[in-house]
Amino acid sequence: MAIEIHGETAPRFARVREAFAANFARHGEVGAACCVYHRGRPVVDLWAGLADRERGRLWTRDTATLVFSSTKGLTAACVLRLVERGLLDLAAPVAAYWPEFAAEGKAHIPLTWVLCHRAGVPVVDAPLTLEQVLAWDPVIAAIAAQAPVWEPGTQHGYHFRTYGWILGEVVRRVAGRTLGAFFADEMAAPLGLDFWIGLPESEESRMAALVPPPPLPEGFARLMAPDTLLGRAMTGPSNLFHYDEMWNRRALHAAEMPSSNGIGTARALARVYAALAGEVDGIRLLAPETIAAARQTLSDGPDAVLMLPTRFGTGFMLPPTLSVAAGPSAFGHPGAGGSLGLGDAEAEIGFGYVMNQMQLGVTGDPRSAELLAAVYASLG
């Protein structure tokens, strides 16, 4: 049965609408949204399917969903905003802002190594309960007290969750606000974004219910076992986190996890990246030279955690890791399950894609890739 597609598409970007519809026909989409800004204006704003498959609730214009690591790009933008104000120095040690972090050989880790995943702290060693992790202070204390997994700076490896906790604590100490509050004040409010890092209870009814991904093949599942570095980073701390129904709980939505639990719409992702890559309604979030510097490659090649080649700039994932369809000047971040937010100053676009049917592909998600390919083809 053909899915009903809602929203608007500028004629020039008709092929994006076609790709969006094809995702439901070919890739098992349940509910999703896609938005594209070009030259500061929305040219694609689409949604379709079910926000809650079990209850038959439709995805609407205002449906919001978890975007997992797509949050990391927005966290990086908050850090870079503080750098522009002279409140943070990327070359300074994390411990200059968070003295306790200096313990166990971490005194000289610069902030930039956290942003490009070279800090050597991709896991949390201490045994913690979920309540302790969501409470913030216990997991922050645990990270401060532990030693690096590898000699900082010698290699890079994806810091699944510790990226957000380390950067979030630095922001809290410098700005006097949690990272979620800083993002809300400095980016969400000026741009009118439906995006939160720490969802207010008043917005809970908008949430799409995530559909867990299909089981991975046995070989991949073994690589992600809790006793491997990948497994420890992905499911830790204490093997607490799995891509299952746990993410549909209110407690996971309410907490602030600046690497993992941003919640919002595709429209918000596209709009914020449009305001990072250019100007939207008179608002530019970061200077062009800041974005140009953040796009410079700092980590490239074999990833010690993911065991695949990855490429990072200052907080942002870069092509081709970002997406096989991304242009060479794109920057942003994908999220587990398939979400993607990115900007491209040269192409003058901001792009956002969110969904509730999770897929854990090892070479990127075909749904976002085909949408993004259609965007670039439309610019032709």
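Within segment 74-101, how many residues are free of Cβ contacts under 8 Å to residues at least 24 places away in the same chain, part of a helix (DSSP H, G or I) and small (G, A, S)? It would help to see each step written out before you state the result.
Here is the first cut: in segment 74-101, the residues free of Cβ contacts under 8 Å to residues at least 24 places away in the same chain are 85-86, 89, 91-93, 95-96, 99.
Now restrict to residues that are part of a helix (DSSP H, G or I): 95-96, 99.
Next, from what is left, pick out any that are small (G, A, S): 95-96.
Result for segment 74-101: 2.
For segment 102-132, the candidate set comprises residues that are of a type in the set (D, E) and in a loop (DSSP other than H, G, I, E, B); within that set, the residue that is surrounded by the fewest Cβ atoms within 10 Å (Cβ to Cβ) is E104.
Residues in segment 266-297 that are acidic (D, E) and either on the phi > 0 side of the Ramachandran plot or part of a loop (DSSP other than H, G, I, E, B) (or both) were compared, and the one that is surrounded by the most Cβ atoms within 10 Å (Cβ to Cβ) is E279.
Filtering segment 91-100 to residues that are surrounded by 18 or more Cβ atoms within 10 Å (Cβ to Cβ) and in contact with a strand residue (DSSP E or B) (Cβ under 8 Å, 6 or more places away or on another chain) leaves P93, V94.
State yes or no: is L199 closer than 27 Å to F183 by Cβ, touching a Leu at 6+ places or on another chain (Cβ under 8 Å) and surrounded by 12 or more Cβ atoms within 10 Å (Cβ to Cβ)? The answer is no for L199. Within segment 241-265, being in contact with a Ser or Thr (Cβ under 8 Å, 6 or more places away or on another chain), part of a loop (DSSP other than H, G, I, E, B) and surrounded by 14 or more Cβ atoms within 10 Å (Cβ to Cβ) holds for F241, E256, M257, P258, S259, S260, N261, G262, T265.
Sort through A184, A221, A225, A209 and tell me the only one that's surrounded by fewer than 21 Cβ atoms within 10 Å (Cβ to Cβ), more than 23 Å from G31 (Cβ to Cβ) and modelled with pLDDT of 95 or more.
Details: A221 fails: modelled with pLDDT of 95 or more; A225 fails: modelled with pLDDT of 95 or more; A209 fails: more than 23 Å from G31 (Cβ to Cβ).
Only one candidate qualifies: A184.
Take the residues of segment 1-34 that are under 26 Å from the mean Cα position of the chain (by Cα), outside any helix (DSSP H, G or I) and charged (D, E, K, R): which is surrounded by the fewest Cβ atoms within 10 Å (Cβ to Cβ)? Step by step, filter segment 1-34, then rank; the result is E8.
One line per residue, one yes/no per condition, for (1) out of contact with any Cys (no Cβ under 9 Å at 6 or more places or on another chain); (2) within 28 Å of H159 (Cα to Cα); (3) hydroxyl-bearing (S, T, Y); (4) surrounded by fewer than 24 Cβ atoms within 10 Å (Cβ to Cβ):
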site	(1), (2), (3), (4)
R41	yes, no, no, yes
D45	no, no, no, yes
L50	yes, no, no, yes
R57	yes, no, no, yes
A64	yes, yes, no, no
T71	yes, yes, yes, no
A77	yes, yes, no, no
V83	yes, yes, no, yes
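Run down G332, G350, G341 and say which single residue is touching a Lys or Arg at 6+ places or on another chain (Cβ under 8 Å), buried (at least 23 other Cβ atoms within 10 Å of the Cβ), at pLDDT 95 or above and not in a loop (DSSP other than H, G, I, E, B).
On the way: G332 fails: touching a Lys or Arg at 6+ places or on another chain (Cβ under 8 Å); G341 fails: touching a Lys or Arg at 6+ places or on another chain (Cβ under 8 Å).
Only one candidate passes the filter, namely G350.
If the condition is being farther than 20 Å from V67 by Cβ and in contact with a Phe, Trp or Tyr (Cβ under 6 Å, 6 or more places away or on another chain), then segment 154-174 contributes E169, V170, R173, V174.
Tally the residues that are out of contact with any Leu (no Cβ under 6 Å at 6 or more places or on another chain) and either under 22 Å from A275 (Cβ atoms) or at pLDDT 95 or above (or both), restricting the search to segment 298-308.
So the first thing to find is which residues in segment 298-308 are out of contact with any Leu (no Cβ under 6 Å at 6 or more places or on another chain), and the list is 298-304, 306-308.
The next check asks that each one be either under 22 Å from A275 (Cβ atoms) or at pLDDT 95 or above (or both); those that pass are 298-304.
Residues flagged as out of contact with any Leu (no Cβ under 6 Å at 6 or more places or on another chain) and either under 22 Å from A275 (Cβ atoms) or at pLDDT 95 or above (or both) within segment 298-308 amount to 7.
Given the structure, is W150 buried (at least 23 other Cβ atoms within 10 Å of the Cβ), modelled with pLDDT of 95 or more and either closer than 30 Å to L269 by Cβ or not polar (S, T, N, Q) (or both)? Here the answer is no, as W150 does not meet what is asked.
Applying the condition of being aliphatic (A, V, I, L, M) and outside any helix (DSSP H, G or I) to segment 353-380 and asking which residue is farthest from A293 (Cα to Cα) yields M358.
For every residue, the table says whether it meets (1) out of contact with any strand residue (DSSP E or B) (no Cβ under 8 Å at 6 or more places or on another chain); (2) crowded, with 18+ Cβ neighbours inside 10 Å; (3) of a type outside the set (K, R); (4) touching a residue at least 40 places away in the same chain (Cβ under 8 Å).
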residue	(1), (2), (3), (4)
V305	yes, yes, yes, yes
S323	no, yes, yes, yes
E346	yes, no, yes, no
S378	yes, yes, yes, yes
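The values are calculated or read from the model by the stated rules, or taken from the named source; none is laboratory data. Just so it is clear, the structure is predicted and the values come from calculations on it, not from any experiment. Note: ideal-geometry Cβ built from the backbone for every residue, glycine included; neighbour counts use all protein chains shown.
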